[in-house]
1. How large is ³J(HN,Hα) for each residue in the stretch 182-196, as worked out from phi by the Karplus curve 6.51 cos²θ - 1.76 cosθ + 1.60 (θ = phi - 60°), to whole Hz, x for Gly and Pro?
2. Under DSSP H, which helices of the chain have Cα atoms covering 20 Å or more of the helix axis and a Kyte-Doolittle average no less than 1.0?
3. Given charges of +1 on the Cβ of Lys and Arg and -1 on the Cβ of Asp and Glu, with all other atoms neutral, how large is the dipole of the stretch 137-206 about its Cα centre, in debye to the nearest 20?
4. So if we plug the beta-carbon distance of SER133 and SER291 into 1/(1 + (r/R0)^6) with R0 = 35 Å, what FRET efficiency do we get, rounded to 0.05?
5. Quick one: go through the stretch 245-263 and flag any residue whose amide nitrogen is under 20 Å from the point 7 Å out along the Cα-to-Cβ line of LYS278.
6. Need one number: nm distance between label points at ASP190 and GLN60, each 7 Å from Cα along Cα→Cβ, rounded to one decimal.
7. Relative contact order for the chain: what is it in percent, counting Cα pairs under 8 Å that are at least 6 residues apart?
8. In nm, what is the difference between 0.36 nm times the number of residues separating LEU315 and ARG253 and their Cα-Cα distance?
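Every number in this text was worked out from the coordinates using simple rules, so none of it is lab data. Here the structure is a predicted model, which means the values were calculated and not measured. Reconstructed Cβ throughout: ideal geometry from the backbone, glycine too, with neighbour counts over all protein chains shown.
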Amino acid sequence: MKKISIGISLILVLAYGLSLFFTPSKASEKSNGNIFTSGHIDDAGVRATVDSGKGQVLDQKYYDEKHDITIHFKRVLTDDKETKLLLTYHSEEKNLKDYYIDLWEGVSNVNLIIGSEKKSLESVGWGSRYYSSKENKVYEALSFESIKGYKGQNIRLEVQDMTMWKKDGIGTLHTTWPLKFKLKPSATFDRETDLINKKFTFHGETYNIKQVEYSALETRVVVTGTDIKIYTDKNGKQYKKKSKIEKLFLNPRKTSGEHGYRADKNKMGIFLRSDGKKFMPIYSKEEVHESENYVMVFAPVNNQQNLKLEVGGGLTIPFTE
């Protein structure tokens, strides 16, 4: 009987101990965190940084009582060119399927407030969004200009207005979601730039890889070319058109429902490769380039040695000899 009672006691102790690790709230928290490392977020830079534990954890919640929306600010990351703000929002009553924090084409804004000064932060790319119909919950990785210069300071951000994308057009839900925090060193990353000056020819056009920029958030390859320019029509009106290298870069892009934009590995395109690993394009940054340059954005590269650019099916350009 002693052995039996001891055995039962051990089972109860173990069951209690396990319950500490597998309570619904902790399981849910783990699941929510993993969304930002999953294919639901189509920004490989966000996935890589969160998976490695980088960035400043915010863990702040705000309840928008007027619209019955609960916001959870998760994490912030920033380098010399951009900031990533990771947040979720859900509602018990309002269907959030068509509600976006759209900084690119929508009416939404992120404002930075320092003392009495208020500044609207410019968007960088489209950002990344996933809507879970089961949870009626949105996971957003907002992308806007760098706040790295405020490291060590207490700052306030405001997410202003939601963009409603519906079949009958665009609408606005007027909101203000405040966020106060001290920007810690863990949130900030350096961006290293290597000047390359590598020329190559593709389909009769000459291109030059000017530089490669390395960050924990991404890898940028900056290219000039004979067909990367502003054109002028016979009436003197200026316009742009996609270069051959841009068309090739976008060729593998496909949409896959709730997984956003991604590359079809079976299609011809442009990829980075290092130590046998292929680094995928980040298509949410597709429009981040200047008139005289074309910027191809890829997943962050840790090992810069033996890094190569694969162009099409047969052209390989090593960045270092």
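1. Per residue, the Karplus-derived 3J(HN,Hα) values read 9, 6, 8, x, 5, 7, 9, 9, 8, 10, 9, 10, 10, 7, 10 Hz.
2. On the way: long enough: 2-21 (29 Å, 1.68).
Span-like helices in the chain: 2-21.
3. Working: 12 positive and 9 negative charges, 62 e Å.
Dipole of the stretch 137-206, to the nearest 20 debye: 300 debye.
4. Details: r = 41 Å, r/R0 = 1.16.
That gives a FRET efficiency of 0.30.
5. Taking a point 7 Å out along Cα→Cβ of LYS278, the residues of the stretch 245-263 whose backbone N falls under 20 Å are 245-257, 259-263.
6. That separation, rounded to one decimal, is 2.8 nm.
7. On the way: 675 pairs, mean separation 47.9, N = 321.
Once normalised by length, the contact order is 15 percent.
8. On the way: separation 62, 0.36 × 62 = 22.32 nm, distance 1.96 nm.
In short, 20.4 nm is gained.
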